[in-house]
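The values are calculated or read from the model by the stated rules, or taken from the named source; none is laboratory data. Keep in mind the model is a prediction, meaning the values are calculated, not measured. A quick note on method: Cβ atoms are made from the backbone with ideal geometry, for glycine too, and the neighbour counts reach across all protein chains shown. Surface accessibility is based on the protein's heavy atoms, side chains included, excluding ligands, DNA and RNA. Shrake-Rupley method; radii C 1.70, N 1.55, O 1.52, S 1.80 Å.
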Amino acid sequence: MYVKEFRSHVKAAGAADGLKEGQVRAIVSVFNNIDSVGDVVMPGAFDEDLVAWASKGDPIPAIWSHDWRDPFSHIGTVIEATPVEKGLETLYEIDLDNPKAAQVYRLLKGRRVTQSSFAYDIVEADWATRKDEATGHEYEVYELRKLHLIEVGPTLVGAN
């Protein structure tokens, strides 16, 4: 299992942003962005897995900062996960009866937490050469082409 964390803008959180109370809309993965270790999540990387999640009928977990050990860090579930031009956009609903989840929600609404993350397994990936158009310099990146999504969620400090 791998994790990707990155600075993202929480697009909407709660009723003030046109959502139901407890709902958060955020981009949890950015496409075509070179991260700090040279990985690039490619458009389409989640397509097959999102179909698999839908066919299982199980919700994708929303977990605070990959804290799998604490059941109270399992803060909610994804209602929608949609690949858009920028990346993987999610709408998740936070369990406001969970005190930890309610606090995370307050942090998101107050824009005191603005980063997202996702955990995944690699299904298909390979090295690719890219060229900087401005300098002509060639460099390698590791393209993540097909991924199995394990969970998503907000995090305080991301790596990308």
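Table: residues versus (1) of a type in the set (Phe, Trp, Tyr); (2) within 17 Å of Ile122 (Cβ to Cβ); (3) under 14 Å from the mean Cα position of the chain (by Cα).
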{"site": "Gln23", "(1), (2), (3)": "no, no, no"}
{"site": "Ile34", "(1), (2), (3)": "no, yes, no"}
{"site": "Val41", "(1), (2), (3)": "no, yes, yes"}
{"site": "Glu48", "(1), (2), (3)": "no, yes, no"}
{"site": "Ala52", "(1), (2), (3)": "no, yes, no"}
{"site": "Lys56", "(1), (2), (3)": "no, no, no"}
{"site": "Pro59", "(1), (2), (3)": "no, no, no"}
Q | Lone unmet requirement of (1) polar (S, T, N, Q); (2) at pLDDT 95 or above; (3) more than 18 Å from Ala102 (Cβ to Cβ) for Ser73 | A | (3)
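Do you know which residues across the range 33-57 are in a loop (DSSP other than H, G, I, E, B) and modelled with pLDDT of 95 or more?
Keep residues of the range 33-57 that are in a loop (DSSP other than H, G, I, E, B), which gives 33, 35-38, 42-46, 57.
Met42, Pro43, Gly44, Ala45, Phe46 - these are the residues of the range 33-57 that are in a loop (DSSP other than H, G, I, E, B) and modelled with pLDDT of 95 or more.
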Q | Those residues of the range 17-32 which are assigned to a loop (DSSP other than H, G, I, E, B) and in contact with an Asp or Glu (Cβ under 6 Å, 6 or more places away or on another chain), in sequence order | A | Gly22
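Okay, residues lined up against (1) of a type in the set (D, E, K, R); (2) at positive phi; (3) modelled with pLDDT of 95 or more:
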site	(1), (2), (3)
Ile63	no, no, yes
Lys100	yes, no, yes
Leu108	no, no, no
Glu124	yes, no, yes
Q) Could you list, in sequence order, the residues of the range 19-70 that are open to solvent by 20 Å² or more (accessible area, probe 1.4 Å), closer than 30 Å to Asn98 by Cβ and aliphatic (A, V, I, L, M)? A) Leu19, Val30, Leu50, Val51, Ala52, Ala54
**Q.** Elements of type strands (runs of 3 or more DSSP E) in the range 79-160, at least 2 residues being among the small types (Gly, Ala, Ser)
**A.** 115-131
